[in-house]
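J.: Shown below is the structure under consideration.
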Amino acid sequence: MSARSSLPPLLESFFRHRLVKQRNASVSTIASYRDALRMLILFSADQAGCKPCELAVEHLDRDIVLAFLDELEKRRKNTIQTRNARLSAIRSFFHHVAAIDPTSLGIAQRVLAIPIKKSHTEVTHHLVRQEFDALIDAPDEQTHRGRRDRTLLLFLGRTGARVSEALGVDARDLWLDRARPHVLLHGKGRKERIVPLPNDLVEALKALMRERGLDAQEQRPLFVGTHGERLTRFGATHIVRRAVATATMSRPELASKSVSPHVLRHTLAMTLLQSGVDLLTIQAWLGHSQVATTHRYAAADVEMMRRGLGMAGVSGKLPARFQPKDAVLHLLESI
């Protein structure tokens, strides 16, 4: 077996040179690609009956990659979106393989030919104002944990930050004592954006910083766990679920909704849209790379569509259907 087809040096050059030096990929991107390739390698080693360090590129052929993707969906119950994200990482690696290892070009081309799987786009879910207010009021403000939880929920719902962006905020990213308070969010792909902060959130953040003894210039995490470490995604999800369980007592309809930190992001987007804020502003606010992503909120607002019907004067009467006279057109219409 050719030494140039050995897997370890290709993996090392992919992560150290292509991702870090050439693409300047973010830490989260590198971690995502690492996890995807690690899972593929463990799966391939199991299929080949050898140790991961003994694998060569030839072991990661098209059939093995397809079997791995099926494994993700069937046994691990991954969504199609997760499956496609794993495939994107694998394809990125094989683009690198094709570029620096000509002996593996055929294998790389066959893997790169694996298509992204089409997925069903689900309706975007959000909370109405009364449900969101009940969620904010759920934590016990008599305890430190409750005050932290309420501030985090308010932060997610007022800024529309992704959970990773909210948890990545340090004290120095906040500007609270100026005429226009705002926060610097560190988004996907090293993209940064500034988001304004409303008065109720500013007061909650000031109180949290005083309680924790945080200085405005410190590079210390804003939201922390029990032992003072930066709060994790799992911890934030648990906070939302705990608040939902309490809020359900006053808003029983919450019990039938799947509420996650990301739903609070959707909630702000829908609130902005229904208030008349244009899509380009919402796109910049949420940090979407394409306005098409933001447009799904407009597609999800049935009431806005209903008002549009009224403004357009559209009635329920349908015009007579076109009846083709030509025999060929009639045939096509009948299919």
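J.: Go through the stretch 211-222 and give me each residue that's assigned to a loop (DSSP other than H, G, I, E, B) and more than 23 Å from V263 (Cβ to Cβ). Let's see the steps before the verdict.
T.: The initial filter retains those residues of the stretch 211-222 that are assigned to a loop (DSSP other than H, G, I, E, B), namely 213-220, 222.
Passing the criteria: G213, L214, D215, A216, Q217, E218, Q219, R220.
J.: Within the stretch 223-253, which residues are in a loop (DSSP other than H, G, I, E, B) and not β-branched (V, I, T)?
T.: Filtering the stretch 223-253 for residues in a loop (DSSP other than H, G, I, E, B) gives 223, 225-229, 231-232, 248-251.
Of everything in the stretch 223-253, those that are in a loop (DSSP other than H, G, I, E, B) and not β-branched (V, I, T) turn out to be F223, G225, H227, G228, E229, L231, M249, S250, R251.
J.: Search the stretch 254-275 for residues being assigned to a loop (DSSP other than H, G, I, E, B) and at pLDDT below 90, and hand back the single one that is nearest to V163 (Cα to Cα).
T.: S258
J.: Give the residue that is nearest to the chain's Cα centre (by Cα), with candidates limited to residues of the stretch 54-75 that are over 22 Å from K118 (Cβ atoms) and in a helix (DSSP H, G or I).
T.: So, considering only residues that are over 22 Å from K118 (Cβ atoms) and in a helix (DSSP H, G or I), the one nearest to the chain's Cα centre (by Cα) is I64.
J.: I'm trying to understand the selection: among the residues of the stretch 163-186, which are part of a strand (DSSP E or B) and more than 28 Å from R241 (Cβ to Cβ)?
T.: Within the stretch 163-186, W175, H182, L184 qualify.
J.: Would you tally the residues in the stretch 1-27 being more than 25 Å from the chain's Cα centre (by Cα), more than 20 Å from V65 (Cα to Cα) and outside any helix (DSSP H, G or I)?
T.: Within the stretch 1-27, residues that are more than 25 Å from the chain's Cα centre (by Cα), more than 20 Å from V65 (Cα to Cα) and outside any helix (DSSP H, G or I) number 2.
J.: Show the residue pairs that are 6+ apart or on different chains and have beta-carbon atoms under 8 Å apart, the first residue being within the stretch 259-281 and outside the structural domain of G160 (by TED's automatic domain parsing), the second being β-branched (V, I, T) and surrounded by fewer than 20 Cβ atoms within 10 Å (Cβ to Cβ).
T.: Taking only residues 6 or more apart or on different chains, not a single pair turns up.
J.: Mind telling me which of the residues R162, R180, R190, R172 ends up being within 28 Å of Y297 (Cα to Cα), charged (D, E, K, R) and over 17 Å from the mean Cα position of the chain (by Cα)? First the steps, then the outcome.
T.: Values: R162 fails: over 17 Å from the mean Cα position of the chain (by Cα); R190 fails: over 17 Å from the mean Cα position of the chain (by Cα); R172 fails: within 28 Å of Y297 (Cα to Cα).
None of the others qualify; the one that does is R180.
J.: Which count do you get for residues in the stretch 231-272 that are farther than 28 Å from Q283 by Cβ and of a type outside the set (A, V, I, L, M)?
T.: Going through the stretch 231-272 one residue at a time, the tally reaches 13.
J.: Pairs under 6 Å by beta carbon, first residue more than 13 Å from A171 (Cα to Cα) in the stretch 199-217, partner in a helix (DSSP H, G or I) and modelled with pLDDT of 95 or more, six or more apart or different chains?
T.: Here the result reads L201/L154; L201/R158; A204/T151; A204/L154, each pair linking the stretch 199-217 to a residue that is in a helix (DSSP H, G or I) and modelled with pLDDT of 95 or more.
J.: Identify the single condition in (1) in the same structural domain as T29 (by TED's automatic domain parsing); (2) surrounded by fewer than 15 Cβ atoms within 10 Å (Cβ to Cβ); (3) at pLDDT below 95; (4) under 25 Å from the mean Cα position of the chain (by Cα) that N78 does not satisfy, given that it satisfies every other one.
T.: N78 satisfies every listed condition except (2).
J.: Return a yes/no flag: does the stretch 28-41 have any residue that is touching a residue at least 24 places away in the same chain (Cβ under 8 Å) and over 21 Å from the mean Cα position of the chain (by Cα).
T.: yes
J.: Another one. Provide a single number: the residues in the stretch 193-210 that are surrounded by fewer than 16 Cβ atoms within 10 Å (Cβ to Cβ) and either in contact with a His (Cβ under 7 Å, 6 or more places away or on another chain) or part of a loop (DSSP other than H, G, I, E, B) (or both).
T.: Of the residues in the stretch 193-210, 3 are surrounded by fewer than 16 Cβ atoms within 10 Å (Cβ to Cβ) and either in contact with a His (Cβ under 7 Å, 6 or more places away or on another chain) or part of a loop (DSSP other than H, G, I, E, B) (or both).
J.: I need the full set of residues from the stretch 46-55 which are in contact (Cβ under 8 Å) with a residue 12 or more places away in the chain and over 13 Å from P8 (Cα atoms), in order please.
T.: Result: Q47, single match.
J.: Please specify each residue of the stretch 214-232 satisfying the condition of being surrounded by fewer than 12 Cβ atoms within 10 Å (Cβ to Cβ) and not acidic (D, E).
T.: Q217, Q219, T226, H227, G228 - these are the residues of the stretch 214-232 that are surrounded by fewer than 12 Cβ atoms within 10 Å (Cβ to Cβ) and not acidic (D, E).
J.: Does the stretch 144-155 contain any residue that is of a type in the set (D, E, K, R), surrounded by fewer than 21 Cβ atoms within 10 Å (Cβ to Cβ) and in the same structural domain as T226 (by TED's automatic domain parsing)?
T.: Yes, the stretch 144-155 contains a residue that is of a type in the set (D, E, K, R), surrounded by fewer than 21 Cβ atoms within 10 Å (Cβ to Cβ) and in the same structural domain as T226 (by TED's automatic domain parsing).
The values are calculated or read from the model by the stated rules, or taken from the named source; none is laboratory data. What you see is a predicted model; the values in this text were computed from it and never measured. Positions of Cβ are generated from backbone atoms using ideal geometry, with glycine treated the same way; all protein chains shown enter the neighbour counts.
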